[in-house]
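Participant: I'd like to ask some things about the structure below.
Bear in mind that the values in this text are calculations on the coordinates, not laboratory data. This one's a predicted model, so the numbers in the text were calculated from it and none came from an experiment. Because the Cβ atoms are built from the backbone with ideal geometry, glycine has one as well, and the counts that use them run over all protein chains shown.
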Amino acid sequence: MIKINYKILIVLAIVFWTVACTPLKKEVKQIKPNIILILADDAGYADFGFMGSDEIPTPHIDNLAKDGIIFTDAHVSATVCSPSRAGLLTGRYQQQFGHECNIPPHNLGMDITEVTIGDVMKSAGYKTAVFGKWHLGESAPFHPNKRGFDEFWGFLEGHRSYFYGSDNDIPGNPHEIQHNGKHVEFDGYLTDMLGEKTIDFIDQNKKNPFFVFLSFNAVHTPMQARKDVLDKFKDHPRKELAAMTWSMDEAVGKVVARLKAEGLYKNTLIFFLSDNGGAANNQSSCLPLKGWKGNKFEGGHRVPYLVVWPEKLEGGKRYDELTSALDIFATSMAAAGITEASGKPLDGVNLIPHLTGDNSSAPHNQLFWRKEGMAATRENNWKLIRLDNYGYRLYNLEDDLGETLDHSIENKEQFNKMVQSLEHWESNLTEPWWREAKDWNQVTFEIHKALMENREPNYKSPEEMKSYLNQ
Ligand code: CA
């Protein structure tokens, strides 16, 4: 009997010693969740393991997805970079404040009367940061530090080299890497750096809630990857894309690992999505969807999308209802316990009750898109596309996800209803503050027309158009 008691005592001592010496920190008890919004750039709907890809490995993001909810019918509000980001950061259709087209000219940017998600989070006591691509205006009034973000380490333009040392890397160039307005020289690969900067920010802000917009430029062109990662994919048919995605996945994995090591993971709300569909020039795949970046077919605006919040949302699920990136603003506010944004009415909704099952209805019955002469709307499974100076198509995605069969004649009632609802939505928009370049409008007209006719476009870029027309 005495022997047994000794054994129990020894076991208890070992258990006590193990618990006392464990290096893992306990989950930090903080009422307000941290929020990390991770945006990929020009990544295709199909090019992640969690979206079913067996060609582009993304083990860390796939692991994250196991703890979260995978959305299959989630959409950004524009099919090109800058307007999509304007919608994302304001929670409002960007055409309401003239941000309809890409690339704000030098002296213009996102309307300064719009309240950003950074403004709202900062007012609620969050430390806020942007790491990476901004693309919402490059002159002083539009700088991230003036739009609600305490920290900015990144670049103001829409693209840049993944390595330091190009002609753009001079102080004052909108493609330069800067830290809160000051020129930065960096070693290594930019995607790695964005992950490291996020980790540094987490380390500095463990004791207060933070909001991070981790805005990768991967996998936007130029197609540049780390040499050691390229070697890993040397026989891959899309080796640059695979290598660039691999580095982004590694960076996400390191950020998540740091959250876990600091005991912050469970109470961090993480969004992961792409800013628009896969591009025609970066080898990405949007299959089985039709179209790609820049057009109004599903491949242009339906994006890979994850929401993870282990403490509040049961993971390992799929969500198939119609949702929008505009919802991220309202969802973040609700998660942080903010009841009023003190801005203009939001177009997105708080997703949390829909994800917990408290609200069984779809967050949206209808979504809209427009960039100058190309517009579209979804109403449940119906999709209407309008191309000015050409015509309309009405598709039923329920049995035609690839948008090939036009129902506008035999479903006249549905067609008329959607034409009217699109026009009604447009009646509340303002004129674009700037326009798309004329040659790009010509290219996108040809792409839409070709896809509406179920044929290959004659050209997909101004360069291809020029050589096609000179044939
Ligand atoms: Ca983009």
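Participant: For a paramagnetic label modelled at 7 Å from the Cα of ASN428 toward its Cβ, which residues of segment 344-372 fall within the zone defined by backbone nitrogen distances under 20 Å?
Facilitator: Inside the label zone: 344-351, 362-372.
Participant: Let me have the 222 nm mean residue ellipticity of the chain computed from DSSP H runs of 4+ only, each contributing -39500 (n - 2.57), with the sum over all residues rounded to the nearest 500. Show your work: numbers first, answer last.
Facilitator: Numbers: 13 runs with 145 residues, N = 471.
Rounded to the nearest 500, it is -9500 deg cm²/dmol.
Participant: State the extension gain, in nm to one decimal, for the chain segment bounded by ILE31 and LYS317, taking 0.36 nm per residue of separation less the distance between their alpha-carbons.
Facilitator: Numbers: separation 286, 0.36 × 286 = 102.96 nm, distance 2.47 nm.
Taking ILE31 through LYS317 to full extension adds about 100.5 nm, to one decimal.
Participant: Around HIS183, with a cut-off of 10 angstrom between Cβ atoms, what is the net charge of the other residues, counting Lys and Arg +1 and Asp and Glu -1? Don't jump to the answer; show the numbers that get you there.
Facilitator: Working: positive: LYS182; negative: ASP169, GLU176, GLU185.
Counting the neighbours of HIS183, the net charge comes to -2.
Participant: Sticking with this one: Could you give the dipole magnitude of the chain about its Cα centre, charging the beta-carbon of Lys and Arg +1 and that of Asp and Glu -1, in debye to the nearest 20?
Facilitator: Details: 51 positive and 63 negative charges, 323 e Å.
It works out to roughly 1560 debye.
Participant: What is the distance, in nm, between label points placed 7 Å from the Cα along the Cα-to-Cβ direction at TYR390 and at SER461?
Facilitator: That separation, rounded to one decimal, is 2.1 nm.
Participant: Hey, another quick one. Using the Kyte-Doolittle scale, which helices in the chain average at least 0.0 and also have C-alpha atoms spread 27 Å or more along the helix axis, with helices defined as whole DSSP H runs?
Facilitator: Working: long enough: 2-21 (28 Å, 1.87); 239-261 (32 Å, 0.15).
Span-like helices in the chain: 2-21, 239-261.
Participant: From the mean inverse distance of alpha carbon pairs (Kirkwood) and the Cα radius of gyration, derive Rg over Rh for segment 145-265. Write out the running numbers ahead of the final one.
Facilitator: On the way: Rg = 15.3 Å, Rh = 15.5 Å.
Using only Cα positions, Rg/Rh for segment 145-265 is 0.99.
Participant: OK, next. Any idea which of ASN411, GLY391, THR430 is furthest toward the positive side of the dipole for segment 391-471, if Lys and Arg beta-carbons carry +1 and Asp and Glu beta-carbons -1?
Facilitator: THR430
Participant: With a 10 Å radius around each residue's Cβ, average the other Cβ atoms per peptide and rank 331-342, 133-144, 271-282, 185-196, highest first. Show your work: numbers first, answer last.
Facilitator: Working: 331-342: 16.8, 133-144: 21.7, 271-282: 25.0, 185-196: 18.8.
Highest-to-lowest ranking by the protection proxy: 271-282, 133-144, 185-196, 331-342.
Participant: Going 7 Å from the Cα of ASP167 in the Cα-to-Cβ direction, what parts of segment 433-471 have a backbone nitrogen less than 16 Å from that spot?
Facilitator: none
Participant: Based on the Cβ-Cβ distance from SER139 to LYS206, what FRET efficiency comes out when R0 is 35 Å, to the nearest 0.05? Write out the running numbers ahead of the final one.
Facilitator: Working: r = 35 Å, r/R0 = 0.99.
Here the calculated transfer efficiency is 0.50.
Participant: How do the peptides 97-106, 207-216, 39-48 rank, highest first, by the average count of neighbouring beta carbon atoms within 10 Å per residue? Please list the in-between numbers first.
Facilitator: Working: 97-106: 20.1, 207-216: 22.8, 39-48: 26.9.
By packing density, highest mean first, the sequence is 39-48, 207-216, 97-106.
Participant: Highest first, please rank the peptides 461-467, 76-82 by the mean number of other Cβ atoms sitting within 10 Å of their residues.
Facilitator: Values: 461-467: 13.1, 76-82: 27.6.
Ranking the peptides 461-467, 76-82 by packing returns 76-82, 461-467.
Participant: Hey, another quick one. Projecting each Cα onto the charge dipole of segment 230-364 (Lys/Arg +1, Asp/Glu -1 at the beta carbon, about the Cα centre), which of SER274, ALA325, ALA335 comes out farthest on the positive side?
Facilitator: About the Cα centre, the residue reaching furthest to the positive side is SER274.
Participant: Now for a separate question. Pairs of Cα atoms under 8 Å, at least six residues apart: use those to get the relative contact order of segment 43-151, whole percent.
Facilitator: Values: 133 pairs, mean separation 20.9, N = 109.
Relative CO of segment 43-151 lands at 19 percent.
Participant: For the pairs LYS206/LYS344; LYS122/LYS182; LYS66/LYS127; LYS127/LYS197; LYS66/LYS344; LYS266/LYS296, note any where the Cα-Cα span goes beyond 26 Å. If you can, show how the numbers build up before the last one.
Facilitator: On the way: LYS206/LYS344 32 Å; LYS122/LYS182 22 Å; LYS66/LYS127 28 Å; LYS127/LYS197 14 Å; LYS66/LYS344 36 Å; LYS266/LYS296 37 Å.
In this structure, LYS206/LYS344; LYS66/LYS127; LYS66/LYS344; LYS266/LYS296 lie more than 26 Å apart at Cα.
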